[in-house]
């Protein structure tokens with residue numbers, strides 16, 4: 001885990017985050033209008049992973065309330081914060097599930113039976129299961145997490161049977177190169193087939209295409225907080 005710096009941001013950093021959030025919100029509104037969708041139809045998940053608590057506070061001061069974190073331990077150092085909603089958007093190890101259930105409002109990366117077992121067990125022990133999204137490997141890329149396309153329908157049906165209303169939707173990360181639109185449309189169609197309302201898709205470089213394809217949640221990090229301290233750009 002990258003260390004979190006305890007220092008506060010300077011005024012220029014606060015202003016940059018507020019300005020970036022305003023720009024992203026304007027682009028979301030324009031994309032929704034272009035798609036003939038209602039204003040407020042998309043939830044912006046600000047991906048705060050690798051950014052410190054001061055950056056989160058600056059985003060909250062600018063009106064942002066929904067955040068995405070990759071690592072449970074890192075999230076625990078910054079959340080819960082009053083008024084914040086937390087999504088776990090990174091691959092989740094089974095031994096981190098109980099801690100995740102204590103922090104998260106949504107886990108977006110349900111992708112294998114062993115993780116479902118761990119969530120079920122921890123949920124029974126804690127009395128709490130957050131909203132869940134199945135992560136689909138929408139491009140069938142061997143280097144990426146997510147359930148493969150050939151297994152996705154069966155896995156989604158099994159998770160609906162197991163978790164009921166707690167399973168609310170699907171998440172994907174399309175291939176890094178080329179047109180993301182067809183992948184987003186495929187995920188939206190899959191969600192429609194299974195009667196799932198939430199489609200978490202689209203990041204800093206392609207969220208307008210995701211909105212056009214029916215995204216309900218977009219995950220934006222670098223376009224809000226600036227370039228990351230790692231090679232992982234969302």
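The values are calculated or read from the model by the stated rules, or taken from the named source; none is laboratory data. It should be emphasised that the depicted structure is a prediction, and the values quoted were computed from it without experimental measurement. Because the Cβ atoms are built from the backbone with ideal geometry, glycine has one as well, and the counts that use them run over all protein chains shown.
Tabulated data for the structure shown
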| quantity | calculated |
| --- | --- |
| Index of the failed condition, residue 192 passing every other in (1) farther than 26 Å from residue 57 by Cα; (2) in contact with a helix residue (DSSP H, G or I) (Cβ under 8 Å, 6 or more places away or on another chain) | (2) |
| Some residue of region 56-65 being modelled with pLDDT of 95 or more, buried (at least 19 other Cβ atoms within 10 Å of the Cβ) and part of a loop (DSSP other than H, G, I, E, B) | yes |
| Residue 165 being out of contact with any helix residue (DSSP H, G or I) (no Cβ under 6 Å at 6 or more places or on another chain), free of Cβ contacts under 8 Å to residues at least 24 places away in the same chain, surrounded by fewer than 19 Cβ atoms within 10 Å (Cβ to Cβ) and under 11 Å from residue 132 (Cα atoms) | yes |
| Residues being surrounded by fewer than 17 Cβ atoms within 10 Å (Cβ to Cβ) and over 19 Å from residue 85 (Cα atoms) - total across region 128-141 | 2 |
| Selected residue (criterion: farthest from residue 14 (Cα to Cα)) from residues of region 206-234 that are at pLDDT 95 or above and assigned to a loop (DSSP other than H, G, I, E, B) | 214 |
| Residue 166 within 25 Å of residue 218 (Cβ to Cβ) and touching a strand residue (DSSP E or B) at 6+ places or on another chain (Cβ under 7 Å) | yes |
| Of residues in region 142-159 being surrounded by fewer than 17 Cβ atoms within 10 Å (Cβ to Cβ) and more than 21 Å from residue 213 (Cα to Cα), the one nearest to the chain's Cα centre (by Cα) | 145 |
| Any hit, region 28-43, residues being modelled with pLDDT of 95 or more, surrounded by fewer than 19 Cβ atoms within 10 Å (Cβ to Cβ) and closer than 18 Å to residue 89 by Cβ | yes |
| Positions within region 117-127 being surrounded by 17 or more Cβ atoms within 10 Å (Cβ to Cβ) and either touching a helix residue (DSSP H, G or I) at 6+ places or on another chain (Cβ under 6 Å) or touching a residue at least 60 places away in the same chain (Cβ under 8 Å) (or both), in sequence order | 118, 119, 122 |
